[in-house]
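Peer 1: Take this structure first; my questions come after.
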């Protein structure tokens, strides 16, 4: 082992570039001295690896290690050693570009390759390094896979697609395409599900077993429906022809790819290589190991500037942890080459601020992490966590095939696309998501204070857990709109077709509180998880639709043990202009009551008081008792201790036509707030109660 | 488990459309649906939507039951080979 120091600027492979006149050998350490620029034109891939490679900083003339057009280079660093800089006003420089001139972001021509291979514990320490790695970007970043293609004829009259003996079973996931226009309202690159299948016809729905989509036109041109790829398939059919496209190559070391399954389920990816590339088919290094949803993707991972890490533990590959303000340009590939399946290692870029990331990150535990203000326009694919932990990231690129896509980020701005992930947006706090979130198991998982103005499409759960979020975009094709732990979700956008819109479950599992404010809702609304024993609106959970059906002033509350609807037809003469129509579900009882309404009256005098509401039944044969339908008043009964007492009405209904007064009398100990509540705690089939919507 | 239409009721004209309530029974689980049309539907239209909704629930119930069976079989298999 020796330490080889540069003697002058020049090419790595030329002896005269180095003190002693001999280029670095395997296991040597390398120092590029300040004032020298060394072109990496050597191939050290056969080495076990170099020891530490140091690029010296300087007040005015820092050293530079660079790659440029006309030559390829392969820098291999052995495990236990790093690529580093040294201190100076200007840090050492690591550059790949077209001409070797610092500051020029012209790409290294694809014909030339720049590889930095890092051993199992090796890293690039960004503390005293300026990094600009500029490379060729393929025009086609991914290919779309398909299984079978069916040319169909659409009927707007029948909402059907026709093909003789199509063989498509119900619940088959498909996508549609056309050489002209698609039958409206179908859209390309969107997953649909076959329903109402017959020998020669079928319909499409937004979700499995969903309502058939109302086709409003037959479309033009050749309309095709295509399915996904069956498991164990190789080669796979693809739509895009990249046989003549630069960047897509089967050359070993430069043919890394990743498949991303767009089935709406947990993330499913494979890291493979391209074996053959044909016009309509790709042979991968291994068959796909699961059924792939239609339109599932093969991402090109290789770039001609590449940082490849053999890490088998988790640490930062490009590490700015001691240089939080350093900024780098990464158009390159950063990839872990040791993991496979669902085993990922290392962090692509960690810490720092304002990095520009327009290349590819793949196979990493965290693609990007622990920094701030990263601008991500590239692709993060097949990582455990795509963009993880940091603040003020701006992601306009694509995150695909990750367990968590855009995850644990504060005040992030997501305007890109996240797809094929278990959680598309995960634990985003106070951020804005204006991009597209689609084909993920969970669209937005456990976010808080986030404004989602983009679309959440094709999710098992559009929202999972989370609190205080707002959706002003569109959500469609969900199996569940939200789960039991989703709290304070405000929906002002469009809720399209989905399986179960309202999932309300019990106290023990959470307390979803959802407000639809002027939202566009589907015509037919299914609920599940309601009508469970001992779960009522004492938990304050439910879905509350304001300006329901986009009718100003209309309201509809879906509560765990019943619905409360504003009714302007059944009203009391002399009473309010509307009533509260209460429809109990089968669980409605003393232990699962409906809190119909609640008023607070301020500064009620400390004197005898009586308050009344009027109620009317419908359909009852056995009337609710005074303990099953009543108004209660909660007032201050001790002016010193502020103790409060609750009293309830005692009147009962005696028919289904009379507006009956329910009155409560009390005397506050001091002028103070009084809270009134109306409760229903009884169910009978096809029975309702109306509450005059005013306190008298 | 067979999904049955338990009760069709609550035919109501609303400002946002015409509403019919349907309760489906899937084992011990009640699915409460509110079906809505832009205007009052014919009895045949109601019957058709009530039944198609029931069929959707049946398909989903069957799929969930199958998934449970497959998961149990997989767990049993994994235990057997471990």
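Peer 1: Taking a quarter of the surface of the Cα convex hull of segment A:344-485, what do you get in nm²?
Peer 2: Mean projected area for segment A:344-485: 6.5 nm², to one decimal.
Peer 1: Where does chain B land at 222 nm, in deg cm²/dmol rounded to the nearest 500, when only DSSP H runs of n ≥ 4 count, each adding -39500 (n - 2.57), divided by all residues?
Peer 2: -17500 deg cm²/dmol
Peer 1: Given 20 °C and 1.002 mPa s, how large is the Stokes-Einstein diffusion coefficient of segment A:54-101 in µm²/s, with Rh as the Kirkwood radius over Cα pairs?
Peer 2: Taking Rh from Cα pairs, D becomes 183 µm²/s.
Peer 1: What is the calculated FRET efficiency for residue B:79 to residue A:48, with r their C-beta to C-beta distance and R₀ = 51 Å, to the nearest 0.05?
Peer 2: It comes out at approximately 0.70.
Peer 1: From Cα pairs below 8 angstrom and at least 6 apart in sequence, can you work out the relative contact order of chain A, rounded to a whole percent?
Peer 2: Taking the mean separation of contacting Cα pairs over the length of chain A, I get 6 percent.
Peer 1: Using r as the Cβ-Cβ distance of residue A:187 and residue A:573, and R0 as 51 Å, what FRET efficiency do you calculate, to the nearest 0.05?
Peer 2: E between residue A:187 and residue A:573, to the nearest 0.05, is 0.50.
Peer 1: Moving on. Where does segment A:416-492 land on Rg(C-alpha)/(2.2 N^0.38 Å)?
Peer 2: My calculation over the Cα atoms of segment A:416-492 gives 0.89.
Peer 1: Please order A:604, A:19, A:176 by the number of other Cβ within 10 Å, starting at the fewest.
Peer 2: Listing A:604, A:19, A:176 from fewest to most nearby Cβ atoms yields A:19, A:604, A:176.
Peer 1: Using Cβ counts within 10 Å as a stand-in for footprinting exposure, how do A:202, A:463 rank, fewest first?
Peer 2: A:202, A:463
Peer 1: Strictly greater than 25 Å: what percent of every Cα pair in segment A:582-696 meets that?
Peer 2: Working: 1631 of 6555 pairs.
Roughly 25 percent, rounded to a whole number.
Peer 1: Separate question: Just need log10 I(q)/I(0) for chain A at q = 0.05, 0.07, 0.11 Å⁻¹, Debye formula, equal scatterers on the alpha-carbon atoms, no solvent, rounded to two decimals.
Peer 2: Debye curve over Cα of chain A, log10 I(q)/I(0) at q = 0.05, 0.07, 0.11 Å⁻¹: -0.35, -0.61, -1.06.
Peer 1: So for segment A:47-154, considering every pair of alpha-carbon atoms, how many percent are separated by more than 24 Å?
Peer 2: The proportion of pairs with Cα distances above 24 Å equals 39 percent.
Peer 1: Using only atoms on other chains, find how many Cβ atoms lie within 10 Å of each Cβ of peptide B:41-54 and report the average.
Peer 2: Taking the mean over all residues of the peptide, I get 1.
Peer 1: On to the next question. Please compute, for peptide B:57-63, the average count of beta-carbon atoms on other protein chains lying within 10 Å of each residue's beta-carbon.
Peer 2: 4
Peer 1: Next question, about the same structure. Can you tell me what share of the DSSP beta bridges in the protein assembly as shown is antiparallel? A percent to the nearest 5 is fine.
Peer 2: Of all bridge pairs located within the protein assembly as shown, approximately 45 percent are antiparallel.
Peer 1: Show me, bin by bin at 10 Å from 0, the whole-percent P(r) of segment A:150-235 based on Cα pairs.
Peer 2: 19, 55, 22, 3
Peer 1: With a 10 Å Cβ neighbour count serving as the proxy for reagent exposure, in which order, fewest first, do A:130, A:589 appear?
Peer 2: Ranking A:130, A:589 by Cβ neighbours within 10 Å, fewest first, gives A:589, A:130.
Peer 1: For the pair residue A:281 and residue A:517, how long in nm is the line joining their label points, each one 7 Å along Cα→Cβ?
Peer 2: 5.6 nm
Peer 1: Using only Cα atoms, tell me the angle between helix B:43-81 and the longest principal axis of chain B; keep it within 0 to 90° and round to the nearest 10.
Peer 2: Result, in degrees: 10.
All of the numbers you see were taken from the coordinates with simple rules; none came from a lab. Quick caveat: nothing in here was measured; it's all calculated off a predicted structure. All Cβ positions, even for glycine, are placed from backbone atoms using ideal geometry, and neighbour counts span all protein chains on display.
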